[in-house]
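Student: Can you keep this structure in mind? I'll have questions shortly.
Nothing in this text is a laboratory measurement; each read-out follows from the coordinates by a stated rule. Note that the structure is predicted; figures quoted are calculated from it, not measured. No Cβ is skipped: glycine too gets one built from the backbone with ideal geometry, and neighbour counts run over all protein chains shown.
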Amino acid sequence: MNKIKEYKEIILNLIKLSLPILGGNISQILVSLADNIVAGRYSTLALGAISVASAIVMTVTIGAIGLILSVSPVISNLRGKNEPAKKYFKLTILFSILVSIPFFLILLGLNKYINFIGLSPDMVPYVKEYISICSWTVFPVAIFVAIKEFLQAYEKVVFANILMLIMVLLNLVLNIILTFGFNFGGFVIPGMGVVGLSIATLTSKTLVAIVMLLYCLNLFKGAFTFSKNYIKDLIKTGIPISAAIFFEFLGFNLTAVLIGKFSVLFAAVHNIILSIANCTFMIVLSIANAASVKIGFYNGRKDKENIIKYSNANIFLVICVCIVSFLILGNFDEEIAKIFSTDEEVIVLTQKIIIFAMAFLFFDGIQGACVGILKGLKDTKIIAFTMLSAYVFIAIPFGIYMAYVKNIVLEGFWIGLALALLFAAIVTSSRVIYNIKKM
């Protein structure tokens, strides 16, 4: 009975910590959604241009973000060791800025070659305008993520994620004003179209980063402290995380492109299934991040018992999320499909593919939970290898074989993705068991 009570408390702690993180994750989706809605209202050309441009900016920026995601597990471990980790706050900000520079330069370099990627000629100038302005968002995004990770390591998750919700509203208002123009009592702001969208994005992200920085400079006072070991730890933990995210992005983007070559119908259904999967994974990711902080703290203390308890609670919660998702998808598949489309062909095919998505979601949930545990243990090298193997060596080749040889396109690619995540779940869970036995 005492053990049940103890696990109940641990599960409640994880839920309490993960809910604000979930709010922040949802905010990221809503910002992108608001950009697309405003762009679509302005013109189809604007929507197409920012879809391509934002995908390029995000794919590059994610590399910097991946490196910075090491802050939370590293600081959590230091806290567990009772080391005064707050002194590294200013060094963490400097690290995020320095990490951003090469990715910023990559974006500027890529922008020069947009003409050569085969886009519609009328779209090219807008894509280039958006990237030239939004490439600067790498800096405020990196600073914001670094601070958010630092606060998360101290289990201070509410302020940062409320601020992200505020950013959604700020971004929407600025999008409308700067895209369509504004006239109030003679005070006129001319409509700037795609340029307005990019300025709105840069402004909202910069303002939020500044507010976060001012808030935390007061919270983490003290002189600048340099530590070579701290930087090494961030890089050692962060590079595999960054590489894993890159391989995952690459896998999904290649899959979308390959499916799109067959038909518009397949591309539409693939996007619907992917949107459904992302909604579930956002919850899994929030739980895994919360578990990563807790496990990182107890790893610093070499407390095997609590590491096992929080690992078990993490996996239990993720399985519960998957079961609820299965019940919803299994019973309301038609209603869910109709949210995205009124086309009967799209609805029927979406219902058919959902069964494969459910297998994918379960395996993705398990590997996501295990990745959270491994981050807390600062054992991240295996993550990069796993994602490379899963997407580049399993998902894509299997999907291509099924589509081009067996003529089974959408089902083939989604079976490939499910098999890839099954492999990832087996590797990461085996690594978690190995780490715990080794303690």
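Student: Can you list the HN-Hα couplings for the stretch 298-314, worked out from phi with the Karplus curve (6.51, -1.76, 1.60; θ = phi - 60°), rounded to whole Hz and with x for Gly and Pro?
Tutor: So the J values, rounded to whole Hz, are 6, 5, x, 8, 6, 9, 4, 4, 6, 4, 5, 5, 6, 5, 5, 5, 4.
Student: Can you give the FRET efficiency for residue 214 and residue 404, using 1/(1 + (r/R0)^6), R0 = 56 Å, r = Cβ-Cβ distance, to the nearest 0.05? Show your work: numbers first, answer last.
Tutor: On the way: r = 55 Å, r/R0 = 0.98.
Approximately 0.55, to the nearest 0.05.
Student: Further, regarding this structure: Please report the spacing between the Cα centers of the stretch 139-186 and the stretch 302-375 in Å, no decimals.
Tutor: What the calculation gives is 28 Å, centre to centre.
Student: Next question. At what distance in angstrom do the alpha carbon centres of the stretch 267-293 and the stretch 21-53 lie from each other?
Tutor: Measuring centre to centre over Cα atoms gives 17 Å.
Student: Here's a follow-up. Sequence gap at least 6, Cα distance under 8 Å: using those rules, report the relative contact order of the chain to the nearest whole percent. Show your work: numbers first, answer last.
Tutor: Numbers: 632 pairs, mean separation 93.9, N = 439.
For the chain, the relative contact order is 21 percent.
Student: Specify which labelled value, from (i) 16; (ii) 22; (iii) 28, agrees with percent of Cα pairs over 41 Å apart derived from the coordinates of the model shown.
Tutor: Comparing each candidate, only (i) matches the computed number.
Student: Could I ask something else about it? Give me 305, 83, 411 ranked fewest to most by other Cβ atoms within 10 Å of their Cβ, as a rough exposure proxy.
Tutor: Numbers: 305 9, 83 14, 411 17.
Ascending number of Cβ neighbours within 10 Å: 305, 83, 411.
Student: Within the stretch 374-439, report the trypsin sites (Lys or Arg not before Pro) that DSSP leaves as loop and that have at most 13 other Cβ atoms within 10 Å.
Tutor: Details: sites: 375, 378, 381, 406, 431, 437, 438; in loops: 378, 406.
Passing both the DSSP loop test and the Cβ count: 406.
Student: Less than 19 Å apart at the alpha-carbon level, and either on another chain or at least 8 residues along: which aspartates and glutamates does that give for residue 90?
Tutor: Cα-Cα hits under 19 Å: 149, 155, 233.
Student: Turning to a different aspect of this structure: Taking the Cα centre of the chain as origin, sum charge times position over the Cβ atoms of Lys and Arg (+1) and Asp and Glu (-1), and report the length of that vector in debye to the nearest 20.
Tutor: On the way: 34 positive and 21 negative charges, 426 e Å.
Using Cβ point charges on Lys, Arg, Asp and Glu, the chain gives about 2040 debye.
Student: Suppose the chain between residue 334 and residue 16 were pulled fully straight at 0.36 nm per residue; how much longer would it get relative to their current alpha carbon spacing? Could the numbers behind the result be given before it?
Tutor: On the way: separation 318, 0.36 × 318 = 114.48 nm, distance 3.29 nm.
Between residue 334 and residue 16, full extension yields an extra 111.2 nm.
Student: How high is the relative contact order of the stretch 240-439, in percent, with contacts defined as C-alpha pairs under 8 Å that are six or more residues apart? If you can, show how the numbers build up before the last one.
Tutor: On the way: 254 pairs, mean separation 62.4, N = 200.
So the answer I get is 31 percent.
Student: Now for a separate question. Which FRET efficiency, nearest 0.05, do residue 101 and residue 312 yield, Cβ-Cβ r, R0 41 Å? Intermediate values should be presented prior to the final figure.
Tutor: Working: r = 41 Å, r/R0 = 1.01.
After rounding, the FRET efficiency stands at 0.50.
Student: Sticking with this one: Could you rank the peptides 283-294, 413-424 by their average count of other C-beta atoms within 10 Å per residue, with the highest value first? Present the calculation step by step, with values, prior to reporting the outcome.
Tutor: Details: 283-294: 26.8, 413-424: 23.9.
Output ranking for 283-294, 413-424: 283-294, 413-424.
Student: HN-Hα J couplings of the stretch 248-255 from phi, Karplus 6.51/-1.76/1.60, θ = phi - 60°, integer Hz, Gly and Pro as x?
Tutor: With the stated coefficients, the stretch 248-255 comes to 5, 4, 4, x, 5, 5, 5, 4 Hz.
Student: Compute a Gaussian network model of the chain, connecting alpha carbons closer than 10 Å, and tell me which residue from 303, 364, 379 fluctuates the most.
Tutor: 303
Student: Can you sort 404, 113, 391 so the residue with the fewest Cβ neighbours within 10 Å comes first? Walk me through the intermediate numbers first.
Tutor: Values: 404 13, 113 8, 391 27.
If I rank by nearby Cβ atoms, fewest first, I get 113, 404, 391.
Student: Which links in 112/261; 302/375; 86/148 stretch past 18 Å when you go from one Cα to the other?
Tutor: Values: 112/261 26 Å; 302/375 15 Å; 86/148 14 Å.
Beyond 18 Å: 112/261.
Student: Strictly over 25 Å apart at the Cα level, which of 236/304; 87/437; 5/87 would you flag in this model?
Tutor: Where the Cα-Cα span goes over 25 Å, the pairs concerned are 87/437; 5/87.
Student: Follow-up. What FRET efficiency, computed as 1/(1 + (r/R0)^6) with R0 = 35 Å and r the Cβ-Cβ distance, is obtained for residue 235 and residue 3, rounded to the nearest 0.05? It would help to have the intermediate numbers written out before the result.
Tutor: Values: r = 40 Å, r/R0 = 1.13.
That gives a FRET efficiency of 0.30.
Student: At 222 nm, what helix-only mean residue ellipticity would the chain give, in deg cm²/dmol to the nearest 500, using -39500 (n - 2.57) for each DSSP H run of four or more? Don't jump to the answer; show the numbers that get you there.
Tutor: Numbers: 16 runs with 355 residues, N = 439.
Mean residue ellipticity, 222 nm, calculated: -28000 deg cm²/dmol.
Student: How high is the relative contact order of the stretch 197-312, in percent, with contacts defined as C-alpha pairs under 8 Å that are six or more residues apart? Kindly include the intermediate steps, with their values, before the conclusion.
Tutor: Details: 20 pairs, mean separation 11.6, N = 116.
Relative contact order here is 10 percent.
Student: Amide H of residue 181: which non-local residues (sequence gap of 5 or more, or other chain) have their own amide H closer than 5 Å, using H built in the peptide plane?
Tutor: Amide H neighbours of residue 181, under 5 Å, 5+ apart: 191, 192.
Student: Select from 116, 262, 316 the residue whose mean-square fluctuation is largest in a Gaussian network model of the chain (Cα-Cα springs shorter than 10 Å).
Tutor: 116
Student: In whole Å, how far is the Cα centre of the stretch 228-244 from that of the stretch 404-439?
Tutor: With the stretch 228-244 and the stretch 404-439 each reduced to a Cα centre, they are spaced 25 Å.
Student: Using 7 Å Cα-to-Cβ label points, what is the residue 226/residue 28 separation (nm, one decimal)?
Tutor: Spacing of the two 7 Å Cα→Cβ label points: 3.2 nm.
Student: Give the residues of the stretch 1-34 whose amide nitrogen is closer than 19 Å to a point set 7 Å from the Cα of residue 304 in the direction of its Cβ.
Tutor: The answer is none.
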